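Below is a structure I'd like to ask you about.
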Amino acid sequence: MDDIFKQLEVILEQRKEASSESSYVSSLYKKGVDEILKKIGEESAEVIMAAKDGVDSKIIYEVADLWFHTLVLLRHKNIEVDKIEQELSRRFGLSGLEEKANRNQ
Ligand SMILES: N=c1c2ncn([C@@H]3O[C@H](COP(=O)(O)OP(=O)(O)OP(=O)(O)O)[C@@H](O)[C@H]3O)c2ncn1[C@@H]1O[C@H](COP(=O)(O)O)[C@@H](O)[C@H]1O
């Protein structure tokens with residue numbers, strides 16, 4: 001699962017050098033962080049509307065759009081996906097869930 005995030009991370013880094021005419025991501029970088037944040041806002045609203053509609057396929061589609069644009073933001077800020085994984089792992093450990101999960105294995 002996290003493999004796709006890592007693969008996308010590589011492509012999103014490469015897009016910093018690409019021409020904006022051929023690449024959506026490159027054009028977003030060129031428009032600047034406010035445009036990336038705007039997309040995240042729009043995609044968040046679309047996730048909410050999809051969840052209200054209650055159609056699973058729409059929710060999946062919109063969450064993919066939201067996660068994708070969040071990955072673009074992270075790459076723009078040079079924050080690695082690993083850092084998010086580490087933060088979630090830290091919280092998992094803090095909550096004692098890790099211990100419980102290990103006990104149930
Ligand atoms: N996963 C995605 C991805 N998900 C969503 N999008 C784009 O994000 C935009 C979402 O915007 P909206 O939901 O508002 O939909 P829209 O109305 O069609 O788009 P707009 O006209 O509003 O921009 C669309 O233009 C989608 O094409 C993506 N664009 C690219 N990728 C990945 O990023 C890689 C690099 O993309 P390029 O930079 O385009 O080569 C690709 O190989 C893909 O793997």
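The values are calculated or read from the model by the stated rules, or taken from the named source; none is laboratory data. Note that the coordinates shown come from a computational prediction; the quantities given were computed from them, not determined experimentally. As a convention, Cβ positions derive from the backbone with ideal geometry for all residues, glycine included, and neighbour counts pool all protein chains shown.
Among the listed residues Asp65, Asp34, identify the single one that is assigned to a helix (DSSP H, G or I) and within 11 Å of the ligand (Cβ to nearest atom).
After ruling out the rest, the residue left standing is Asp65.
What do you reckon, is Tyr24 over 18 Å from Glu80 (Cβ atoms) and either at pLDDT below 95 or within 11 Å of the ligand (Cβ to nearest atom) (or both)?
Yes.
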